[in-house]
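**Student:** Take this structure, written in structure tokens, and hold onto it; I'll ask about it next.
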Amino acid sequence: MRQLITVGLTGGIATGKSMTLNHWQQAGAVGIDADVLAHQALTPKTSTWDEIVRTFGSKILNKDGTVNRPKLGETVFADEQKREALNRVIHPVVEKMWTEDMRKLEREGTAKIAVVAIPLLYEVAAETQFDCVVVVGCSEPTQLARLAQKGLSEAQARARIRAQWPLQMKMDRADFVIWNDGLLAVLHRQAGTIWANIKESYHAPSKN
């Protein structure tokens, strides 16, 4: 029997991936967040940081040398070629990080389920590396409203939505789908049902 069940968690921007990951961590999963790993990869003076500065210039840095992520976002979401250049630098590094994390969990043998949240999971063709994939979705008006609450203009929000695969394409390919267009309690109920299904389907022992 497999010692570690691996779950890829993805979806559109502002659909609720982080809330789902948090819910499953509380239920006993080991969570790995690709966005957090991307932050770590951009630590000043690392090789990834060096390459980002060479590619985009020092104008995307804060005074302390850290990457100004909002400024970098404005740059890459306004230019597809620049966004692709960023992805070519960041994605291989982040994929190596979460792959190594999963291998470490497999070797240690203490974790039962690992959930890796990867916003561009399908875009980088990583779905085959997991036992199953869960997509979190919501309507585009809900996405726009949530991004507006984060301070993005409608144009900025739409640019970020367009930078990903259409949500329906992701949901069509998923093993499980969570529709997060309403109350948080509804998301939690769906996440709980899918969590139980994953444990039963892949024979993970229940958490004591």
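The numbers here are math on the coordinates, done by the rules we state, and not lab data. Everything numeric here is computed off the predicted structure, so don't read it as measured data. Note that each Cβ is placed from the backbone with ideal geometry, even for glycine, and that neighbours are counted across all protein chains shown.
**Student:** Select from segment 172-195 the residues that are among the charged types (D, E, K, R) and in contact (Cβ under 8 Å) with a residue 12 or more places away in the chain and write down the one among them that is nearest to Leu144 (Cα to Cα). Steps first, answer last, please.
**Tutor:** First, the residues of segment 172-195 that are among the charged types (D, E, K, R): 172-173, 175, 181, 189.
Adding the requirement that they be in contact (Cβ under 8 Å) with a residue 12 or more places away in the chain leaves 173, 175, 181.
On the way: Arg173: 24, Asp175: 26, Asp181: 12 Å.
Top of the filtered list is Asp181.
**Student:** On to the next question. Find the residue count for segment 129-156, including only residues that are hydrophobic (A, V, I, L, M, F, W, C) and either without any contact (Cβ under 8 Å) to a residue 40 or more places away in the chain or touching a His at 6+ places or on another chain (Cβ under 6 Å) (or both). Reasoning before the result, please.
**Tutor:** Going residue by residue through segment 129-156, those that are hydrophobic (A, V, I, L, M, F, W, C) are 130, 132-136, 138, 144-145, 147-148, 152, 155.
Of the ones still in play, those that are also either without any contact (Cβ under 8 Å) to a residue 40 or more places away in the chain or touching a His at 6+ places or on another chain (Cβ under 6 Å) (or both) are 144-145, 148, 152, 155.
Looking only at that region, the number is 5.
**Student:** Here is a follow-up. Please work out if Lys59 is surrounded by fewer than 20 Cβ atoms within 10 Å (Cβ to Cβ), assigned to a loop (DSSP other than H, G, I, E, B) and either touching a residue at least 40 places away in the same chain (Cβ under 8 Å) or charged (D, E, K, R) (or both). Write out each step before concluding.
**Tutor:** Details: surrounded by fewer than 20 Cβ atoms within 10 Å (Cβ to Cβ): yes; assigned to a loop (DSSP other than H, G, I, E, B): no; either touching a residue at least 40 places away in the same chain (Cβ under 8 Å) or charged (D, E, K, R) (or both): yes.
Criteria not met by Lys59.
**Student:** Can you name every residue in segment 84-111 that is in contact (Cβ under 8 Å) with a residue 24 or more places away in the chain and exposed (fewer than 13 other Cβ atoms within 10 Å of the Cβ)? Talk me through it step by step, then tell me what you get.
**Tutor:** So in segment 84-111, the residues in contact (Cβ under 8 Å) with a residue 24 or more places away in the chain come out as 85-87, 89-91, 93-95, 97-99, 101-102, 105-106, 109, 111.
Listed by number, the list holds a single entry, Gly109.
**Student:** Hey, Gln81 hits all of (1) on the phi > 0 side of the Ramachandran plot; (2) free of Cβ contacts under 8 Å to residues at least 24 places away in the same chain but one; which does it fall short on?
**Tutor:** Gln81 satisfies every listed condition except (1).
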